[in-house]
Amino acid sequence: MPDITFQRPVFSLKDFPVYGLREICISGRSNVGKSSMINRLAKKHNLAKTSQKPGKTLSLNYYLVDNKFFLVDLPGYGFARIPKSQKMLFKKLVGPYLESRSELIGLIQIIDSRHGPVSGDKLMIDWLREWDGNVLYVFTKSDKLSASRRAQYKKKYEEEFGAENIVMFSANTGLGAKTIWSWIYKTAVLKSSK
Ligand code: GTP
Ligand code: MG
C-alpha cells in the first residue's frame, strides 16, 4: 500500500518545492473529481478537500508518495460559476506550471465518463497531444453509468485515446484505482530518463 501524505499547498510561483523530486499532476474541469481521486488512491476520506461546489481547490496541492515523488492536485478549469479570481489563478500559476516545470513528467487528465471531453477539456487535450510528458486519461464518475453504457463508452474512449492510455474510474467504488496506481509507479519510479 503506497504511503501518501499531504506536503503543502503552493499559491505562487516562488513557493514551489526545490527538492527535485519528480511530479505527476492531476488536471481537469472544476468539480470533475480530482481531489476525490486522490482520496480514493490514498484510501483516506479527508486527505484532499472535496466539495459539491466547483472551485474547491485553490492552490497546487502537493502530496508526497513513498517519500519518492509528488502527486500534485491542481485547481480546476472551465466551470462558468467559478470565481474570476480562480480563472486568474489558472492563467498565472497553473499555465506556467504546466508549461515549464521540469520536475513534471506525467499528467493524469480527468474527464467525466458520462459526457466525455467538453470544451475546456478539448483545449487541454489539444495541448497534451503536443506535450512530451506521459499522459493518462481517467474517465471518472463511472459508477453513474449503467454497466452496458460503461462498456460502450470504454470502447469509444479506447478508440479515441488508445486502450493503454485510458482508465474507467470511480472514486466511489474504487473501479480502476489499481490500474491508475500501476501507471503512476511506472511513470514516476521506473522511468528515470528525464
Ligand atoms: P475542484 O477542486 O473544484 O476543481 O473540484 P475537484 O475536481 O477536486 O472535484 P471534487 O473531488 O471536489 O469532487 C466534486 C464532487 O464530485 C464531489 O461532490 C464528489 O463527491 C463528487 N465525485 C467525485 N468523484 C466521484 C465519483 O467517482 N463518483 C461519484 N458519484 N461522485 C464523485
Ligand atoms: Mg479539488
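The values are calculated or read from the model by the stated rules, or taken from the named source; none is laboratory data. Given the structure is predicted, the values throughout are model-derived calculations rather than measurements. Neighbour counts run over all protein chains shown; Cβ positions are idealised from the backbone, glycine included. Heavy atoms of the whole protein, side chains included, go into the accessibility calculation; ligands, DNA and RNA do not. Shrake-Rupley method; radii C 1.70, N 1.55, O 1.52, S 1.80 Å.
Numbers for the structure displayed
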{"read-out": "Any hit, segment 64-80, residues being away from ligand 1 (no atom under 12 Å from the Cβ), open to solvent by 70 Å² or more (accessible area, probe 1.4 Å), in a helix (DSSP H, G or I) and free of Cβ contacts under 8 Å to residues at least 40 places away in the same chain", "value": "no"}
{"read-out": "Helices (runs of 4 or more DSSP H) completely within segment 90-194 that count 2 or more residues being touching a strand residue (DSSP E or B) at 6+ places or on another chain (Cβ under 6 Å) and over 27 Å from residue 56 (Cα atoms)", "value": "147-161"}
{"read-out": "Count of residues meeting criterion [within 13 Å of residue 76 (Cα to Cα), in a strand (DSSP E or B) and either more than 8 Å from ligand 1 (Cβ to nearest atom) or open to solvent by less than 10 Å² (accessible area, probe 1.4 Å) (or both)] in segment 1-60", "value": "5"}
{"read-out": "Residue in segment 144-163 that is within 14 Å of the chain's Cα centre (by Cα), more than 10 Å from ligand 1 (Cβ to nearest atom), crowded, with 18+ Cβ neighbours inside 10 Å and at pLDDT 95 or above present", "value": "no"}
{"read-out": "Test: residue 128 is within 15 Å of ligand 1 (Cβ to nearest atom), surrounded by fewer than 19 Cβ atoms within 10 Å (Cβ to Cβ) and closer than 29 Å to residue 21 by Cα", "value": "no"}
{"read-out": "Residue under evaluation residue 38, criteria (1) more than 19 Å from residue 139 (Cα to Cα); (2) touching a residue at least 24 places away in the same chain (Cβ under 8 Å), criterion not met", "value": "(1)"}
